[in-house]
Every structure is written in structure tokens, then in C-alpha cells.
Amino acid sequence: MELIFGILFIAVIITWCVYNRNKAEERKKAVELQNQKIDFVKSNSQCLYAIKKLNHNYNFKEFDAHPRYRRNCNSKTQLDNFDIYNHMLLTIEHSPNYFTGIVKAVKYNRQKYSQYEQQFNLTINKIVSGCNYCKLTANSIIEADEFKSIEEVECKKLKKDAIRDFTIELIVCYRSPRGRNSYKRTYKFNCHDIERYLNDYNQMQQNKQSAVYQRQLMTPKMRYKILKRDGFKCVICGRSRKDGAKLHVDHIKPVSKGGKTEESNLRTLCDMCNLGKSDAYDPYGLN
Ligand SMILES: [Zn+2]
């Protein structure tokens, strides 16, 4: 009796093993066939060829899309009063080419990528509409529909990516001397933010340059012309040299704020009135 059970048990085991081996072989064959099909599509697909060609024609700019910087403060007060706007302007002043470069690269990539995507989709749509797959013969290992679906999957795998934005992370931190307390603040800037900073920075540079130039235009001849026009009197209080006033020629809109050295922006002021005015300027008020 025991012997019969033993034989039966062994027979079951053997059958199970053979079954499993056959299953595994079937699976292996199926995978092999699928690979053959994929290879067939890869070597015969006009769409894949078109996508490879397209990829070859489109090269996007590469750069670090997530740079991180750290700035340590010497005290908690310094951290609390951290002026991020001025800090960024100074950082940009330190390396304007780097910042201009990454903004340019992002814009380039965005523009090129949208062209690329358009052409990529056009090619993929050719698969969907079925006008571009190769001629299959009767003994081909694959059917037209299968060809199409493999083609689509393989094409999509080849889709390129490009950096189309970036995030600059600035971590400002302070750590108390014994390390008991640490504080940090994180600021993030994307392409749009950096572009705004760059504009402000460029405007500042222009103002600086223009200020130097405008001051150069203030010649003794121009000075005399304005004093004469205003009757050698302060246009605010009316005092003149006879009253002991020292006369200045003043820029109504200061050169530091983009004011120009031209007659309409110049006037005679006495030292007292000019001192009170300093470089204050109200674009909508009396100056
Ligand atoms: Zn005056």
C-alpha cells in the first residue's frame, strides 16, 4: 500500500515538473516571438526611422536645472532682515552672463521643443492613420494591427525631453554659536523670476551709465544758460546772490532716477531750497 502511494506521489511530481517545464518553454517562446516581432518592427518601421532622424535634428541645451546655493548669516537679526531683492541683484551683478545664459537656454529649449513636439506628433499620427507602415507579406511574422501598436510604443519610447524651466534654490541660514538653534529660510526662483531680476539689473546699469553721461552734459555753458533764464534767482524762494544765497542748477527729476540734463529738466535753486529737496522726486507732485 505504501509503495503504491509512493509511486503515485512520484508520478504526480514528475507530471508537475514536465508541465511546468512546458509552460516555461511556452513562455520563453512567446517572449522570443515578441522580441522577433519588435526587431522586425524596428528594422522595417518608417515611422521609427523618421523619429530617429527627427531626434538627430533636435538638440536641446543642457544645464543644471536645479542649482542650490547656501548663504550663512552671522546673526539671527541678519537673517531676519535679509533683503532677498538686493541679494539677488548683487548675485546677478556678480555673474550676469550665467543668469542671462540660463534664461536664454530655457527660452531656446521651449521654442525648439514645441517645434519638436509638433513634428513628433505628426509622425505618430501617421501611425494612427496607418499610412506609413511597411508592406507585410503573407509569411510575415506579424499582422498589420500588431505592427502598428508595437510601432507606436517603440516610437513613444524615443521621445526626447528638454529642460524647459529651472528652479534656483537659495537657502539662507543661521546657526547659533553652540548649534542649539538653527534657522533657515528657503527661496525659490524660476526662469520668470530671474528674468524679472535681470530686467531690473539691466535697468539699473542703464540708469548708472546714463547718470554718468547726463552729469557730463552739465557744462559751465549750460549752467550759465539756466541761471540766466531764471534771472539769477532761486525759482522757489526768489533769493539771489545779493541776498547771500548760493545758486545751484538743479535737475528737477534727479539723474539717479533717469532725469536728463536738458533745459526742461533744469532750474535754478538756492542752496537752502536744494538741500531740502535732496534727490526726492514725486512724479505726480510739485518738485
Ligand atoms: Zn530758494
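Do any trypsin sites (Lys or Arg not before Pro) in region 182-287 lie in a loop, going by DSSP, with at most 13 other beta-carbon atoms within 10 Å of their beta carbon, and if so which? Kindly include the intermediate steps, with their values, before the conclusion.
Details: sites: 184, 185, 188, 196, 208, 215, 221, 223, 225, 228, 229, 233, 239, 241, 242, 246, 257, 260, 267, 277; in loops: 239, 246, 260.
Within region 182-287, the qualifying trypsin sites (Lys or Arg not before Pro) (loop, at most 13 other Cβ atoms within 10 Å) are 246.
Using unit Cβ charges (K, R positive; D, E negative) and no other charged atoms, how large, in debye to the nearest 20, is the dipole of region 147-287 about its Cα centre? Can you show the working numbers first?
Details: 30 positive and 17 negative charges, 132 e Å.
About 640 debye.
Any of 159/188; 208/253; 208/228; 29/156 with alpha carbons more than 18 Å apart? Name them for me.
Details: 159/188 29 Å; 208/253 15 Å; 208/228 30 Å; 29/156 26 Å.
In this structure, 159/188; 208/228; 29/156 lie more than 18 Å apart at Cα.
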Taking only the alpha carbons of the chain, what extent do you get along each of the three principal axes, in Å, biggest first?
-> 138, 61, 28
Considering the dipole of region 217-287 built from charges on the beta carbon (Lys and Arg +1, Asp and Glu -1) around the Cα centre, which of 240, 265, 254 is farthest to its positive end?
-> 240
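Based on the Kirkwood radius over alpha-carbon pairs, what value in µm²/s does the Stokes-Einstein equation return for the translational diffusion coefficient of region 217-287 at 20 °C and 1.002 mPa s? Don't skip to the answer; put the middle values down first.
Working: Rh = 12.3 Å.
Approximately 174 µm²/s, per Stokes-Einstein.
Quick check: net charge around residue 109, other residues with Cβ under 12 Å of its Cβ, Lys/Arg +1 and Asp/Glu -1?
Working: positive: 61, 104, 107, 110, 112, 160, 164; negative: 62, 117, 161, 165.
Around residue 109, the surrounding residues sum to +3.
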Considering the dipole of region 1-88 built from charges on the beta carbon (Lys and Arg +1, Asp and Glu -1) around the Cα centre, which of 44, 56, 33 is farthest to its positive end?
-> 56
Please list the non-local residues whose amide H lies under 5 Å from the amide H of residue 266, H modeled 1.01 Å from N, same-chain partners needing a gap of 5 or more.
-> 252
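Could you tell me which trypsin sites (Lys or Arg not before Pro) in region 1-89 are loop residues by DSSP with no more than 15 other beta carbons within 10 angstrom of their beta carbon? Don't jump to the answer; show the numbers that get you there.
Numbers: sites: 21, 23, 27, 28, 29, 37, 42, 52, 53, 61, 68, 70, 71, 76; in loops: 61.
Counting only loop positions with at most 15 other Cβ atoms within 10 Å, the trypsin sites (Lys or Arg not before Pro) in region 1-89 are 61.
What is the Cα radius of gyration of region 20-76 over 2.2 N^0.38 Å, N being its residue count? Spell out each step's value before the answer.
On the way: Rg = 25.1 Å, N = 57, 2.2 N^0.38 = 10.2 Å.
Rg over 2.2 N^0.38 Å, computed on Cα atoms: 2.45.
Which FRET efficiency value, to the nearest 0.05, do you get for residue 97 and residue 224 by plugging their Cβ-Cβ distance into 1/(1 + (r/R0)^6) with R0 = 51 Å?
Values: r = 45 Å, r/R0 = 0.87.
Once the sixth-power term is evaluated, E becomes 0.70.
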Taking the Cα centre of the chain as origin, work out the dipole magnitude from +1 charges on Lys and Arg Cβ and -1 charges on Asp and Glu Cβ, in debye rounded to 20.
-> 1740
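Within the chain, which is the longest segment that contains none of the GluC sites (Glu not before Pro) sitting in a DSSP loop with at most 12 other Cβ atoms within 10 Å? Please report the intermediate quantities before stating the final value.
Numbers: sites that count: 62, 143, 262.
Formally, the longest exposed-site-free interval is 144-261.
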Cα lying deepest toward the dipole's positive end in region 71-113, options 74, 94, 113, charges on Cβ = 113
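Please report the net charge: other residues with Cβ closer than 14 Å to the Cβ of residue 78, K and R +1, D and E -1.
Values: positive: 71, 76, 175, 184, 185; negative: 80, 83.
Neighbourhood net charge equals +3.
Could you check what % of the DSSP bridge pairs in the chain are antiparallel, to the nearest 5?
Details: 14 of 19 bridges.
Antiparallel bridges: around 75 percent, rounded to the nearest 5.
Evaluate E = 1/(1 + (r/R0)^6) for residue 241 and residue 59, where r is the Cβ-Cβ distance and R0 equals 51 Å; express this FRET efficiency to the nearest 0.05. It would help to have the intermediate numbers written out before the result.
Working: r = 72 Å, r/R0 = 1.40.
Plugging the Cβ-Cβ distance into 1/(1 + (r/R0)^6) gives 0.10.
Between residue 182 and residue 217, what length in nm is gained on full extension when 0.36 nm per residue of separation is reduced by their alpha carbon distance? Don't skip to the end; give the middle numbers.
Details: separation 35, 0.36 × 35 = 12.60 nm, distance 5.32 nm.
My answer for the length gained is 7.3 nm.
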Measuring from its Cα centre, region 217-287 shows a charge dipole (+1 at each Lys and Arg Cβ, -1 at each Asp and Glu Cβ) which, in debye to the nearest 20, is 320
Hull surface over four for the Cα convex hull of region 16-149, reported in nm², is 17.5
Evaluate the relative contact order of the chain (contact order divided by residue number), counting alpha-carbon pairs under 8 angstrom at least 6 apart; express in whole percent.
-> 18
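Readers should treat all values here as calculations from the given coordinates under stated rules, not as data from a laboratory. Only a predicted model underlies this, so the values are computations on that prediction, with no experimental measurement involved. Neighbour counts are summed over all protein chains in view; Cβ atoms, including those assigned to glycine, are modelled from backbone coordinates with ideal geometry.
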